[in-house]
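Below is one structure; the comments refer to it alone.
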Amino acid sequence: MVVERARTLRKNATDAERLLWRSLRKLKTQGVHFRRQAQFGYYFVDFACHRAKLIVELDGSQHGDDEHVQYDVERTKFLESRGYRVLRFWNADVMANTDGVVNFIFVEATARLSPHPKNHTPVGGGKN
């Protein structure tokens, strides 16, 4: 049942989801692997990078309605309670600026994957 639901969601993806997916797939070669329609409890998210604990959601105009806004707030709280960061983009932004959206996602994912640098002197002691 879960696999069928994910397949149906992938098959009925929006144009923005298809466009973004083509770009996100290419990030795998750089160590950032996304899955489409990943399940979290009873939610299915558009894209998830489990290693970076990052979720990307694309929103159409219906997400501006009060009812959808409240649903999205509850959904985001649930996902964040699992340790994930949720990024939301409007479909129109993905269509108009795919490269900018992908770059933002990549920077966020790699920052979450990288250990925080410590202030220390480089090997060799720096300049002489």
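Where a number appears in this text, it was derived from the coordinates with a stated rule and is not lab data. Note that the structure is predicted; figures quoted are calculated from it, not measured. Quick reminder, even Gly has a Cβ in these numbers, built from the backbone with ideal geometry, and neighbours come from all protein chains shown.
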Figure the gain on full extension for residue 40 and residue 112 (residue separation times 0.36 nm, minus the Cα-Cα span) and round it to one decimal in nm. 24.0 nm
In nm, spacing of pseudo-spin labels at residue 22 and residue 103 (7 Å Cα→C-beta vector): 1.9 nm
